[in-house]
1. Below 8 Å between Cα atoms, with a sequence gap of 6+, how large is the relative contact order for segment B:3-289 in percent?
2. What do you get for GluC sites (Glu not before Pro) in segment A:220-319 restricted to DSSP loop and a cutoff of at most 13 other Cβ within 10 Å of the site's Cβ?
3. Let me know the shape class of segment A:13-111, please: from the alpha-carbon gyration tensor, a ≥ b ≥ c as square roots of the eigenvalues, rounded when a/c is under 1.5, otherwise prolate if a/b is greater than b/c, or oblate.
4. Along each of the three principal axes of the Cα atoms of segment A:199-346, give the extent in whole Å, ordering the values from largest to smallest.
5. Structure shown: which of A:LYS138/A:LYS280; A:LYS43/A:LYS165; A:LYS138/A:LYS318; A:LYS51/B:LYS126; B:LYS10/B:LYS126; A:LYS138/B:LYS126 lie over 25 Å apart, alpha-carbon to alpha-carbon?
6. Which percent, nearest 5, of DSSP beta bridges in segment A:193-347 are antiparallel?
7. Cut-off 10 angstrom, C-alpha nodes, Gaussian network model of chain A. Which of A:PRO265, A:PRO151, A:PRO121 fluctuates the most?
8. Work out, in µm²/s and without decimals, the Stokes-Einstein translational diffusion coefficient of segment A:90-243 at 20 °C, 1.002 mPa s, Rh from Kirkwood over C-alpha pairs.
Amino acid sequence: MAENSPTTVLSSLNQGLHQSLQDDPNVILLGEDILDPYGGSFKVTRGLSSKFPERVLTTPISEAGITGIAGGLALRGFHPVVEIMFGDFTTLIVDQVINHITKFDAMYHGQTSAPVVIRTPMGGRRGYGPTHSQTLEKLFLGVPGLRVLAPFHLQGDDPIGSPGKLLYDAVIQGSSPTLFVENKLQYPLKLLSGDDIKEYSITDRGALTQSGLPFYELHLKGAPAADITLASYGYMAKLALDALHQLAYQHEIFCELLVPTQLAPFELAPLLSSARRTGKLITIEEGTLSLGWGAEVLARASENLGAELKSARRIAAKETVVPAAPQLEAEVLPGVEDIIQQVREMV
Amino acid sequence: MNRNAELFQKMLTIRSFETLLLEKFSTGIFTGTTHTSLGQEANAVGVLSHIQENDVVVSNHRCHGHFLAYGGDPLALYAELMGKPDGVCGGVGGSQHLHWRNFYSSGLQGGTVAMAAGMAMAEKRKGDKAIVIDFMGDGTLGEGIVYESLNMISLWQLPILIVLENNHIAQTTPAELAIAGDISQRFEAFGIPAARIDSSDILEISPLAEALIGRVRNESRPQALIIDTARLGTHSKGDDTRPGEVVEALWQERDPLTIHGSRLSEGVRSSITIKIEAYIQAAFTRALGKED
Ligand SMILES: Cc1ncc(C[n+]2csc(CCOP(=O)(O)OP(=O)(O)O)c2C)c(N)n1
Ligand SMILES: [Mg+2]
C-alpha cells in the first residue's frame, strides 16, 4: 500500500519504484545523480536511496556502461531499473539495447533473458534546447524483444496510480526488456480521477491486446457517435484530450481518443476498431514525423481496414531541432491548436 | 592420468575440434563464419581449469576454445555450427553466440565487458563467492564501453578476472596500428591490478591464472590477466594477411600443443591423440546425423 496516495504522475512513478523495491529484493536502481537529497534530475527517484541505500546506486556518466551492467545483473537473476537522465541520451545505449539486452532471450534459444527496465524522460517545452528536448522513442519501436511503454495520467484502480502501476508491473514481472518512456511535462500532471473525468467515458480496452496492458478509449459522455479517431500516448495524449474537449464545445466535432500504454510491440486492436467505426484516424506524437509511431500505426490501419479507413493523418514535430527559445520551440512541437486544426480540416 | 597428460588432452580436444571444423567447412556442412582459437588453447585451458561450478564465464567471438575448456559438449557445439535443433542454442546462436550453464558468449566487441561487470555485481551481491571470468581480445581495447566498464568494475570492486588475450592482431590490423601506450596501464589507471605474461606454455599460464582467480575470489575484487599470445590460424575462415613465413615461425615457436606435448612421452602423446581424434570425429559424425 502506498503511504500517501500519489497526486501527480511524478509521485505515482516514485511510488511505483518504491513499492517495487519494497516487494522484490532483486530490484536494483542505477542512474546518474539519483541519490538523495537530490533524488534524480526530475525527482522520480526521490527518497529511494534513503530507504534502500544498498539497492539504489548512483553511477558515473556512463549510459552505455550502466545499461550493460543492468543487462548482466538481469541475466543473473536481478531486476534492474536504469534511469537515463534525459531521453536524448538513449542514443548512447542503443548497442546495449539492440545487440545485447534484447538479444539474449532469442539468441540463446529461450534459455535466459535480461528483463531490464530503462526509464527516461523524453520531450520538450522546458526550453532545454536541441539536445535535451527530443522525443526519440521511435528509434526503439520495432526492436525485436523490446517492449516500449508510456504511462497515461489516470489514477485508475490501483492506489499508486496507473503510471506507477505500469512501472511497478514492468519491474516486478521481470518478463522482458522494457523501455519506459516518460515525458518531462507529464511529471507534474495531476492524476485524473473523480470530478476531473466525470464528463468522460473512459474504457480500458487492454483485454483486446495480447499484453493486456491498459489501452484507453476516451470520449465525452453522452456525445454523439465520434466523427474521428485520435490516437496518442504519453504527454501528447493529454494535449489530444484538451483538443477533444474544445472540439466538442467550440466546434461540435466529436472525437474518440485512443491511448495505448504499450507502444511496442504494436498491438492495435482497440485503436483499429475505433478507426473502423469513424473511418478517420489522426495519430499525434511529439517526435519528428518521418518513420515515427504514427507511420507504423497508419500502415497497420491501412492494412487492416482497407477502404474502411477513409482518411488518415499524422501530427508530429517538424523535422528539425527543438529550439531553446519558447516561441521557436512552439513552432516546432505539435500543440492543441495543431490538433484542432487538423481535425477541422478532416471532418 | 597425470596432470600434464590431462592438460594436453584438454588442449588437444579444442585443437582437434577446430581442425576438423576448418577441414569440413569447405564441404558446406557449416555455414556462416567461425573464429578458431588455434594457438590460444593454453589460455582457455590454463584459466578455466581453475573455475568453480558457480563461476560465470563470458567469452567473445573466438569462443569455441573457451566453451570446450569450460566443459561444453563438442557434439552440441558441432550441432550448433551445423544449425541443428540439438545445438547449444538450437542453431540460433551459431558460432559466436553460445550459452550453456554459466557460459555466455557474444559476437559484439566490447559490450560484453559491461555485461560481465553486471554479472560480477550480481554474484557479489549474492555473496556466494562466485566470480566472473571475462575473455577479450587486444583489438577490443578500442571500444569505449570497455573503459566505462573498467571504471565501474574498480569503483564497485567487482569480482571479475579479465583475461586479455593479446594475440597482437585484430582481424587484419596489427596492434601497433590500433593500440597506443601500454596495455597494462589501461587497467592500472583504473586501479585494477594487471598481471602480464608472454607465454604459450600452459605450465606458465595455469599457475598464474590459479593464483589470480584465488585472489579475485577471496578478496572479492577485480584483476586483469594479460596473456601475450599468438593466433596461429586465420581470423575467421580464411582471412589472414600476414606473410606465410611469419605465421610459420609462430607455429614453430608458439604452438601450445608442441610446447606442452614435448613433456609427454611419444607413447602417451600418441595414445591421447588417437583417443581424442576419435572422440571428436564421433562427435562430428553424431552431430551430422542429428535431425535438421
Ligand atoms: C563492435 C564490433 N566491431 C567490429 C566487429 C568485427 N570484428 C569481429 S572480431 C574483430 C577483431 C577482434 O580483435 P581482438 O579483440 O583482438 O580479438 P581476436 O579476434 O584477435 O581474438 C572484429 C573487428 C565486431 N564483432 N564487433
Ligand atoms: Mg587480437
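1. Normalised by residue count, the contact order of segment B:3-289 is 25 percent.
2. On the way: sites: A:GLU252, A:GLU256, A:GLU267, A:GLU285, A:GLU286, A:GLU296, A:GLU303, A:GLU308, A:GLU319; in loops: A:GLU252, A:GLU267, A:GLU319.
In loop regions of segment A:220-319 (DSSP not H, G, I, E or B), the sparsely surrounded GluC sites (Glu not before Pro) are A:GLU252, A:GLU319.
3. Taking the square roots of the gyration eigenvalues as a ≥ b ≥ c, segment A:13-111 is oblate.
4. In descending order, the Cα extents are 42, 35, 29 Å.
5. Exceeds cut-off: B:LYS10/B:LYS126; A:LYS138/B:LYS126.
6. Approximately 40 percent, going by the DSSP bridge assignments.
7. A:PRO265
8. 124 µm²/s
Throughout, read-outs are computed from the coordinates displayed, never taken from laboratory work. Source: prediction; values computed, not measured. For neighbour counting, all protein chains shown are included, and Cβ atoms are generated from backbone atoms with ideal geometry for every residue, glycine included.
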